[in-house]
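Okay, structure first, notes after.
Computed from the coordinates by the stated procedures, all read-outs in this text should not be read as laboratory data. Just so it is clear, the model here is predicted, and its values are computed rather than measured. In this analysis, Cβ positions are derived from the backbone assuming ideal geometry, glycine residues included, and neighbour counts consider all displayed protein chains.
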Amino acid sequence: MHLTRREALLATAAAASLTCCSRTVQRYPVGNVSIVKAPAYTMDVYDTVYSMVSDHRLNVRGKRIVLKPNLVEYDADTVINTHPMVVHAAYEAFLKLGAADVRIAEGPGHRRGTLDLADAAGYFSTVAKFEDSFTDLNTDAVAKRTIVNPLSKLDSLYLPHTVLDCDLLVSVAKMKTHHWAGATLSMKNLFGLVPGAVYGWPKNVLHWSGLPETIVDLHHLFPKQFAIVDGIVGMEGNGPIQGTPKAAGVLVAGRDPVAVDATCCRVMGIDPKQIEYLQLARGEENLSETAFRQTGETIRSVRTDFALVDQWKQIRAA
Amino acid sequence: MTNWKAIQNGDGGWAYSRGCSWTEPTAFALLARSADSPNTMTIPDRESFQRGVKFLSSIARPDGGWSPQPGVEESTWVTALAVLLPEGAVNEQQRRNAIGWLKTRSGRESGWRYRLQQRLVGNNDEFPQGWPWFPGAAAWVIPTSLGILAFEKALRRHDAASADLVERVESGRTFLLGHMCADGGWNHGSNRALGRDGDSYPETTGIALLALNGVASAQLERAKAMARKHLASCRTAEGIAWLRMGLSAHGESLAPAPDPVCRTNMDEALMTLARAQRNPLLA
């Protein structure tokens, strides 16, 4: 009988509780997460993002950086996509810090015309010569990667060379509620790395393989990451597409995507321990507020409760 | 006219926009070339066409299906393109193998296990057989539309037992009609989520209409109305091309309009098919 890692973990946990055995709690290094107020998409965003990235003292000199925004729909006026100004600010920041190459790369899950989508979302008008700096991950050359100890039903994935070959993957996500996952932040944003030309539009294999589990498997495939979450205006309610704008006026960043996403949840008024993919990635005991070191604003000073659809009311933080 | 030879990769295939060759843009480039100049191909054009054919011959897999790229060890939705390619571009055995592979594949939701699970929780819905993008996943609008077009082509050529194919075409069309959005068009297939209607897209509306060629009903009238509405506002080559092909397949005469900007090789190929007097996907 073949057990996935998750099934094995659950079976082990159940056996341990039945026999009243104590279990060892895995501890993780304390992740630094910066929270900075950013009230609007103004030119100040460029300085803010530069300061956030440089505060984390990333060694990017001479490195190849890939910025992965969240591009979903043809609409510059809604809050579905990561705002192009945030992505451009990150692009400029990494170049200023000495990166040899910075690429913007995305493989949208719904729309096949990625360049048309990026144009409609305002990327062409914000980033000079956008096409030269951009890779469509849906149609990039791919290589097969084995997933070691998968949580999901997947044992391997084809992934684009552009992200497999980079030195640092930067998930530049949007702060949104999600009708299947609770919240979509920097970790869920990695679904856009999976090539549509292999798996289709939408990338339905990931859903059938277990949504929270595949989010964590993808996260584990990319150990060198940085996360920036655009919460200047996020999306509440029936996200990630049909929700409504929610101004949280905040940017959140850090080297540890789990820490960043757990912090974003608290900013959104969501209990991160109720988000299954965060639990699977780190364990409930490692998701407490004290498990991470927040710099900049306190969570209390920026908490803005995002409206939740009825199916997700139970994830509201106290 | 697109200079296909100039943008052909060294391995004989074509990229989606730039970079490595993939099955889908290569197949559509060959379809576009067959629509462009069926009788006036120059010798260099013929050589380029044959190099494209040779690239595709390396794509066929032992299970009869086709992979989306030589390095991908899995047969997927692109197998339908093997059946849709111009005559002579695929050898007869490969074509039959591809049909055989398509016959045995359908969306996971129409498999016995899923249907049994649904029955046990009181859901007695019918689950018509569409096609998935990737084995093991649910059926979606684009691969189902291509599967229907492929089987229709096979039926016109009498190169497979017809009863199975007719049944799958009918089932596929039932799938499409069941996944129509409230606005009359189609998106990828999620027409409702959490009790809310999803919006249709131009490209998926166009390809679904093309696959529903020959079907006439009040539901189709709504679909055509939505397609015309999309066409009036759509600015992408992909969307415009599929909408034009879909509406033309239902006898709609379209007013001449300037072509949109083509950003990718796929855009170029689709616009060529949309301009063709006789669409090779329906020939």
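Counting Cα-Cα pairs of segment B:136-253 in 5 Å increments starting at 0 gives whole-percent bin shares of 2, 12, 22, 24, 19, 12, 6, 2, 0.
The gain in end-to-end length when the residue B:50 to residue B:158 segment is fully stretched comes to 36.4 nm, 0.36 nm per residue minus the alpha carbon separation.
Checking every one of the trypsin sites (Lys or Arg not before Pro) in segment B:159-235 against DSSP loop status and a limit of 16 other Cβ atoms within 10 Å picks out B:235.
Work out the P(r) tail for segment B:161-205: percent of alpha carbon pairs separated by more than 16 Å, whole number. Here the tail beyond 16 Å accounts for 44 percent of pairs.
Semi-axes of the equivalent ellipsoid of segment B:1-134 are 35, 14, 13 Å, computed as sqrt(5λ) over the eigenvalues of the C-alpha gyration tensor in descending order.
List the equivalent ellipsoid semi-axes of chain A in whole Å, largest first, each obtained as the square root of 5λ for an eigenvalue λ of the Cα gyration tensor.
29, 23, 19
The charge dipole of chain B, taken about the Cα centre with unit charges on the Cβ atoms of Lys, Arg (+1) and Asp, Glu (-1), comes to about 80 debye, rounded to the nearest 20. Note that segment A:34-40 has calculated 3J(HN,Hα) couplings of 9, 10, 10, 6, 9, x, 7 Hz, one per residue in order, obtained from phi through the Karplus relation 6.51 cos²θ - 1.76 cosθ + 1.60 (θ = phi - 60°); glycine and proline are x.
Its residue count N fixes a reference of 2.2 N^0.38 Å for segment A:169-318, and the Cα radius of gyration divided by that reference is 0.97. Relative to the globular-protein estimate of 2.2 N^0.38 Å, the Cα radius of gyration of segment A:146-186 stands at 1.50. Using only side-chain charges placed at the Cβ, +1 for Lys and Arg and -1 for Asp and Glu, the dipole size of segment A:31-190 relative to its Cα centre rounds to 580 debye. For the residue pairs A:68/A:224; A:203/B:54; A:246/B:224, the alpha carbons lie more than 25 Å apart in A:203/B:54; A:246/B:224.
Each other residue within a Cβ distance under 12 Å of residue B:76 adds +1 if Lys or Arg and -1 if Asp or Glu, for a net charge of -2.
Alpha carbon centre of segment A:217-271 versus segment B:42-60: separation in Å? After rounding, the separation between the Cα centres reads 47 Å. Our note on the geometry: Cα centres of segment B:165-206 and segment B:4-29, 30 Å apart. 3J(HN,Hα) along segment A:152-163, derived from phi through the Karplus expression 6.51 cos²θ - 1.76 cosθ + 1.60 where θ = phi - 60°, amounts to 8, 7, 7, 10, 7, 9, 7, 9, x, 4, 3, 8 Hz, with x in place of Gly and Pro. Per q in 0.06, 0.08 1/Å, what log10 I(q)/I(0) does a Debye calculation on the alpha-carbon atoms of the protein assembly as shown return? Here the Debye-derived log intensity ratios amount to -0.32, -0.57. If R0 equals 22 Å, the separation of the Cβ atoms of residue B:283 and residue B:6 corresponds to a calculated FRET efficiency of about 0.25.
Normalising the Debye intensity of segment A:104-196 to I(0), with uniform scatterers on Cα atoms only, and taking log10 at q = 0.12, 0.16, 0.23 Å⁻¹ returns -0.43, -0.76, -1.39.
Mind checking Rg over Rh on segment A:235-287, alpha carbons, Kirkwood formula for Rh?
1.00
Reducing segment A:176-202 and segment B:64-101 to their Cα centroids gives an inter-centroid distance of 29 Å. Average projection, convex hull of the Cα set of segment B:1-57: 3.5 square nanometres. The H on the amide N of residue B:201, modeled in the peptide plane, is under 5 Å from the matching H of B:186, B:187, each at least 5 residues off or on a different chain. Remark on residue A:184: its backbone amide H falls under 5 Å from those of A:176, A:177, A:178, a criterion applied only to residues 5 or more positions apart or on other chains, H modelled at 1.01 Å from N. Here's how it looks for residue A:226: its modeled amide H is under 5 Å from those of A:169, A:170, A:171, which are all 5 or more places away or on a different chain.
Charging the Cβ of each Asp and Glu at -1 and of each Lys and Arg at +1, and nothing else, the dipole of the protein assembly as shown about its Cα centre rounds to 680 debye.
Volume per residue of the convex hull around the Cα atoms, evaluated for chain B, comes out as 140 Å³. A crude spin-label estimate for the pair residue A:314 and residue A:146, with each label 7 Å from Cα along the Cβ direction, gives 3.8 nm. Phi-derived couplings, Karplus 6.51 cos²θ - 1.76 cosθ + 1.60 at θ = phi - 60°, listed residue by residue for segment B:142-151: 5, x, 5, 5, 5, x, 4, 4, 5, 5 Hz, with x used for Gly and Pro.
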